[in-house]
Amino acid sequence: MSAITPGYLASPDPTPSGSVRTVAAPAAQFRIVDPRDPIAAPLLADLEREYDTRYGVVGGDSASTEMNRYPAERFLTPEGAFIVLVHDDSVVAGGAFMRFDARTAEFKRIWTRTDHRGRGLGKRVLTELERRAAELGYAEIFLTTGPRQPEAVALYRGTGYTHLHTPEDDAQRGTRGFGVHGFRKTLGGNAP
């Protein structure tokens, strides 16, 4: 059985004057699921497709290599969680975290379905992951994102994450691979 947190999807609603206002759509719910649960399959498949589109094969590794780098058990309690945001029986966003070290959770697989982007769902997923990580006793969050994901970089910078390093930093250090943006955030009193 999955844990459920209610929420709402916001959708643009044009007014007669042509400006846009946000209206609440029917309730959406966060659910904690096993990443092997069939409900998570569309999220993971679309994320893999997106990685393939943005990155292709990098350093001999495809997106499926990255998607399968960690066993599903890493994203289960007591050290992690895999959440999906469900609206009208369809997964519209999600994300996961796993133990990085005793006090730090590492966020992975943060994704919003293409036709639901621009509605603040990524921020909602991030907030929900932070809340759940804090509940499990984590004090810090660490995450990385690739160099071809400027939307993710903007999301993390805009939600209080400290930008640790960039792909350019990796290149200057001679780091092998395509380079990543690293981010960290302390939860504590600022946790959601």
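Any read-out appearing in this document is the output of simple, stated calculations on the displayed coordinates, not a laboratory observation. Just so you know, these numbers come straight off a predicted model, no measurement behind them.
Structure values in brief
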read-out: Stretch gain in nm, segment ALA154-ASP46, where the contour uses 0.36 nm per residue and the Cα spacing is subtracted; value: 36.8 nm
read-out: In order through the range 37-49: 3J(HN,Hα) via Karplus (6.51 cos²θ - 1.76 cosθ + 1.60), integer Hz, x for Gly, Pro; value: 5, x, 5, 7, 4, x, 4, 5, 5, 5, 5, 4, 4
read-out: Karplus (6.51, -1.76, 1.60) ³J(HN,Hα), θ = phi - 60°, over the range 135-152, in Hz, Gly and Pro reported as x; value: 4, 8, x, 6, 9, 9, 10, 10, 7, 10, 9, x, x, 9, 10, x, 5, 5
read-out: Calculated from backbone phi, Karplus (6.51, -1.76, 1.60) coupling profile of the range 66-81 in Hz, x at Gly/Pro; value: 5, 5, 9, 5, 10, x, 3, 4, 5, 9, 10, 5, x, 10, x, 7
